[in-house]
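Q: Dropping the structure in here first, questions after.
Bear in mind that the values in this text are calculations on the coordinates, not laboratory data. Here the structure is a predicted model, which means the values were calculated and not measured. Virtual Cβ from ideal backbone geometry, glycine too; neighbours counted across all protein chains shown.
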Amino acid sequence: MTLIGQTSGAAGGPPVGDIIKDATDASFMADVIEASRETPVIVDFWATWCGPCRTLGPALEKAVTAAKGAVKLVKIDVDKNPAYAGQLRVQSIPAVFAFVDGRPVDGFMGALPESQVKAFVDRLASAAGGEDAGLDEVLAMAKESLDVGDLGGAAQAYAQVLQHDPENVKAIAGLARVYLAGGEPERAEELLGMLPEGAKDPEIDSVRATLALAGEGASETAEFEQRLAADPDDHEARLELAKALAGRGQMMEAVDELLKIIERDRAWNDEAARKQLLTIFEAAGPMSDVAKTGRRKLSAILFS
């Protein structure tokens, strides 16, 4: 292993010499213990005669460099500096320890595949790389749970974020979405009241649009269907049918009914069908299949 000098790191990161260095027993307190109070430090105990060390070292350096300063790497030759290796009871090398706030929190022995080394470094950078990084990871987990219908898991994750950041816009919007999916629009409405003044996020707009649809009620559709059977051009009945379908979550069916009105009379009632259609697109999300398919069908009608 050779000491990397003051060369540039990964794009946007600090010089490599600031994040990767050789250390000694004499500098261990400063380079590891004290430094880890500000930035996580990985300590790689190695020796010149150690074959696996020559494999692990470059993988560690690559992963740490890619972390762009979120983690530091300190390399210690155990033949020349045996004191701290002894204190940490290093019995074989390579031996790797991760230090945070002056104490070891993780580690492994032996050479690992590069993918596992990267995962080790990324995990340390994410866990100790600032609260925001950790919250982003929890938010991603919450959204994944919500997408697969795990409302309990999503609610727990969003609540965890809000414990650390009570005004986190994405967590508030996400938890409101959980309440909506669980049939509790009133609680979703209350939650939106927690939003900071002027907060903006596409998910907030989507939740509010969904609340608007829910507020219009998921009424029975039989009456409107009977009216349409008697008169297919009863646009008022078709609009109310679309609102009822959207209120119960049948977004695509509601879109199809609104498109029928637009196809027959796009200007009817001050373009009420088109306005309701846009509300549904917003509720479903601009990148949802409902919005994409609906816009494609609408374009076909408007430009036919």
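Q: Please give the calculated 222 nm ellipticity per residue for the chain, where each DSSP H segment of at least 4 residues contributes -39500 (n - 2.57) and the sum is spread over every residue; nearest 500 deg cm²/dmol?
A: On the way: 14 runs with 174 residues, N = 304.
That calculation yields -18000 deg cm²/dmol at 222 nm.
Q: While we're on this one: Using θ = phi - 60° and the Karplus form 6.51 cos²θ - 1.76 cosθ + 1.60, what ³J(HN,Hα) does each residue of the range 149-161 get, whole Hz, x for Gly and Pro?
A: Ordered by residue, 3J(HN,Hα) equals x, 7, 5, x, x, 5, 4, 5, 5, 5, 5, 4, 5 Hz.
Q: For a 28 Å ceiling on Cα separation, which of these pairs sit above it: 200/292; 21/118; 62/200?
A: Over 28 Å Cα-Cα: 62/200.
Q: Describe numerically, in nm with one decimal, the distance between label points set 7 Å from Cα along Cα→Cβ at residue 49 and at residue 275.
A: Output for this residue pair reads 8.5 nm.
Q: May I pose another question? On a full-extension model of 0.36 nm per residue, what is the gain between residue 212 and residue 287, subtracting their alpha-carbon distance, rounded to one decimal in nm?
A: In short, 25.1 nm is gained.
Q: Just to be sure I understand, if you calculate Cα extents along the principal axes in Å for this structure, which of (i) 75, 38, 37; (ii) 93, 41, 32; (iii) 64, 42, 36 do you get?
A: Recomputing Cα extents along the principal axes in Å here gives the entry labelled (ii).
Q: Then there is this: Across the chain, where is the longest run that never hits GluC sites (Glu not before Pro) in a DSSP loop with at most 12 other C-beta atoms within 10 Å?
A: Longest stretch, sites excluded: 39-166.
Q: From the square roots a ≥ b ≥ c of the eigenvalues of the alpha-carbon gyration tensor of the range 16-133, which class results: rounded (a/c under 1.5), prolate (a/b over b/c), or oblate?
A: oblate
Q: Please give the length that would be gained between residue 236 and residue 62 if that part of the chain were fully extended, namely 0.36 nm times their separation in residues minus their C-alpha to C-alpha distance (nm, one decimal).
A: Gain on stretching residue 236 to residue 62: 56.2 nm.
Q: State which stretch of the chain is the longest one without any exposed chymotrypsin sites (Phe, Trp or Tyr not before Pro), exposure meaning a DSSP loop state and at most 15 other Cβ atoms within 10 Å.
A: My reading of the result: 50-302 is the longest stretch.
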